[in-house]
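Input: a single structure, listed below in structure tokens.
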Amino acid sequence: MPFPGGRHHVAARLPELSAIEGTFMGGATGMRPAAGNMRSDVAEFVRRLTAGNRLPLDYSVRSLRVVDFIVDGLRRGGPERERVADTLFGLGAYVGEVLVRRAGAVWVDFDEQQRAFFGQPVGVRMPDGRAWNPLGKVANRFEFGAEESAHTFFLLLHGRPGRPAGRRPGRGTAELPAHAGPPPPL
């Protein structure tokens with residue numbers, strides 16, 4: 001996927017992402033994020049993140065590769081997770097918003113048991129009723145590396161409309177337009 005200005009341009013600007021710390025989800029107020037605010041919070045996060053970075057965060061499935069790339073850049077920078085926690089939370093919320101827009105998910109506030117299990121206050125519920133933790137997926141990418149891909153997470157996600165049961169996407173799997181139905185049987 002080509003990046004505006006090339007990969008080196010984006011990689012050189014990654015340290016500037018720390019400038020948005022403390023600005024996401026209420027920042028210094030310490031308020032817990034709520035499902036009802038996630039769409040507007042994500043939009044504000046994306047606006048701030050892309051203002052000086054020209055990152056192609058357009059809520060497409062393809063843009064999840066950009067999220068993986070950003071997190072990898074943050075990992076290479078060597079900061080402790082706490083220093084980039086707001087950015088990781090914002091990127092995880094962006095992944096969740098892609099699930100909302102592209103896979104029919106809805107933002108949900110996790111109950112006490114779910115918060116304890118997922119380690120997050122909010123997540124998404126897919127049309128089949130399953131709850132997923134995109135915020136944790138991004139945090140795991142930071143902690144564990146490439147095997148925790150936001151892009152692959154979407155492609156393998158259970159509960160997406162239009163994905164035949166028991167069939168896993170393979171190489172070359174493309175995002176279907178919103179008006180398209182499920183792919184023809186093999």
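Things worth noting here:
- Shape category assigned to the stretch 78-124 from the gyration tensor of Cα positions, a/c cut at 1.5: oblate
- Counting only the Cα atoms, the stretch 78-166 fills a convex hull of 100 Å³ per residue.
- At R0 = 25 Å, FRET efficiency that the Cβ-Cβ distance of residue 32 and residue 59 yields, to 0.05: 0.55
- Overall form of the stretch 44-115 per C-alpha gyration tensor (a/c, 1.5; a/b vs b/c): oblate
- Among 80-91, 147-158, sorting by the average number of other beta carbon atoms lying within 10 angstrom of each residue, highest first, gives 80-91, 147-158.
- Rolling a 1.4 Å probe over the heavy atoms of the protein chains gives the stretch 90-130 an accessible area of 44 Å² per residue.
The values are calculated or read from the model by the stated rules, or taken from the named source; none is laboratory data. What you are looking at is a predicted structure, and each value in this text was computed from that prediction instead of being measured. FYI the Cβ positions are ideal-geometry reconstructions off the backbone, even for glycines, and counts take in every protein chain you see. Surface areas here come from the heavy atoms of the whole protein model, side chains and all, with no ligands, DNA or RNA. Shrake-Rupley method; radii C 1.70, N 1.55, O 1.52, S 1.80 Å.
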